[in-house]
Amino acid sequence: MRINEDTVLQGKLVALVPYALHHVPRYHEWMKSEMLQKLTASEPLTLEQEYSMQRSWREDADKCTFIVLDRKKWEEQACLDEDCMVGDVNLFLTTPEDPALAEIEVMIAEPSDRGKGFGKEAALMMMLYGFTKLGITKFEAKIGQENKASICMFQKLCFEELSVSSVFQEVTMLLCMGDQQKEWLLALTNHVTEAKYCETRQRIQQSLS
């Protein structure tokens, strides 16, 4: 999805940046992990296939992705964003008959970065983006039954269990954005700012030289 190709969202803990070519090598290294493949229901890809997937994320109108960065490391320590990557967050708009519905996925890939609140803030920021920019008012999360940490996180984000599939061994959770939920989301994300990604990255790179 091209709408976010020059967008950076800045929170307290994380920054969300568009998935770019320079992120692919590290992302590819992450996805060699059998555990991450299982948690994300992904197949191992070659590096060439990963570059093709990155182009698909950029071009396809039915999915939106951001790479999750450790904001403190990125901005305060002025590191290249590919050295600050901790995961990704995605929206899938795969139900044409219901354009207000999107599936949300969050992955914190680095084990040392889990349990720090990165995933929760990234999910809230993506929900804010989906709601304000894409008109999403229903968020669905499909989570492996063994992924207790992710289920617990989405429960804290007010998602409710919709169904359980014994075939796919996954739980489907749903959050519908009524007036109360909208106020809740906006209150929790009132610190989030938006900027131009290219300008922000260039400024940080200049501070490194």
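The values are calculated or read from the model by the stated rules, or taken from the named source; none is laboratory data. Keep in mind that this is a model prediction, so the values were computed, not measured. Please note: Cβ atoms are built from the backbone with ideal geometry, for glycine as well, and neighbour counts cover all protein chains shown.
Considering region 107-128, the residues that are among the aliphatic types (A, V, I, L, M) and in contact with an Asp or Glu (Cβ under 8 Å, 6 or more places away or on another chain) include one that is surrounded by the fewest Cβ atoms within 10 Å (Cβ to Cβ), namely 107.
Taken over region 56-83, the residue count meeting the criterion of being under 17 Å from residue 9 (Cα atoms) and among the small types (Gly, Ala, Ser) is 1.
Any idea which of (1) buried (at least 19 other Cβ atoms within 10 Å of the Cβ); (2) touching a residue at least 24 places away in the same chain (Cβ under 8 Å); (3) over 22 Å from residue 206 (Cα atoms) is the one residue 68 doesn't satisfy? Unmet for residue 68, out of (1) buried (at least 19 other Cβ atoms within 10 Å of the Cβ); (2) touching a residue at least 24 places away in the same chain (Cβ under 8 Å); (3) over 22 Å from residue 206 (Cα atoms): (3).
Against the definition (touching a helix residue (DSSP H, G or I) at 6+ places or on another chain (Cβ under 9 Å), over 24 Å from residue 62 (Cα atoms) and among the β-branched types (Val, Ile, Thr)), how does residue 106 come out, yes or no? Steps first, answer last, please.
Details: touching a helix residue (DSSP H, G or I) at 6+ places or on another chain (Cβ under 9 Å): yes; over 24 Å from residue 62 (Cα atoms): no; among the β-branched types (Val, Ile, Thr): yes.
Spelling it out, it is not the case that residue 106 is touching a helix residue (DSSP H, G or I) at 6+ places or on another chain (Cβ under 9 Å), over 24 Å from residue 62 (Cα atoms) and among the β-branched types (Val, Ile, Thr).
Of the residues making up region 177-197, those that are in contact with a helix residue (DSSP H, G or I) (Cβ under 8 Å, 6 or more places away or on another chain) and surrounded by fewer than 14 Cβ atoms within 10 Å (Cβ to Cβ) number 2. Residue pairs, Cβ under 9 Å, 6 or more apart or interchain, first in region 186-209 and assigned to a loop (DSSP other than H, G, I, E, B) and at pLDDT 90 or above, second of a type in the set (Gly, Ala, Ser) and surrounded by 10 or more Cβ atoms within 10 Å (Cβ to Cβ). List them. Filtered contacts from region 186-209: 189/11; 191/11; 192/11. For region 125-181, the set of residues classified as among the charged types (D, E, K, R) and part of a loop (DSSP other than H, G, I, E, B) consists of 146 only.
Consider region 129-139. How many of its residues are touching a strand residue (DSSP E or B) at 6+ places or on another chain (Cβ under 8 Å) and surrounded by fewer than 20 Cβ atoms within 10 Å (Cβ to Cβ)?
Matching residues across region 129-139 total 3.
Here's the yes/no breakdown for (1) charged (D, E, K, R); (2) touching a Ser or Thr at 6+ places or on another chain (Cβ under 7 Å); (3) over 29 Å from residue 191 (Cα atoms); (4) surrounded by fewer than 21 Cβ atoms within 10 Å (Cβ to Cβ):
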residue: 5; (1), (2), (3), (4): yes, no, no, yes
residue: 25; (1), (2), (3), (4): no, no, yes, yes
residue: 51; (1), (2), (3), (4): no, no, yes, yes
residue: 55; (1), (2), (3), (4): yes, no, yes, yes
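Residues of region 1-33 that are out of contact with any Asp or Glu (no Cβ under 8 Å at 6 or more places or on another chain) and over 22 Å from residue 141 (Cβ atoms): 5, 6, 20, 21, 29, 32. Annotation: of all residues in region 68-88 being of a type outside the set (Gly, Ala, Ser) and in contact with a Gly (Cβ under 8 Å, 6 or more places away or on another chain), the one that is nearest to residue 172 (Cα to Cα) is 68.
Considering region 140-166, and only residues there that are of a type in the set (A, V, I, L, M, F, W, C) and in contact (Cβ under 8 Å) with a residue 24 or more places away in the chain, the residue that is surrounded by the fewest Cβ atoms within 10 Å (Cβ to Cβ) turns out to be 149.
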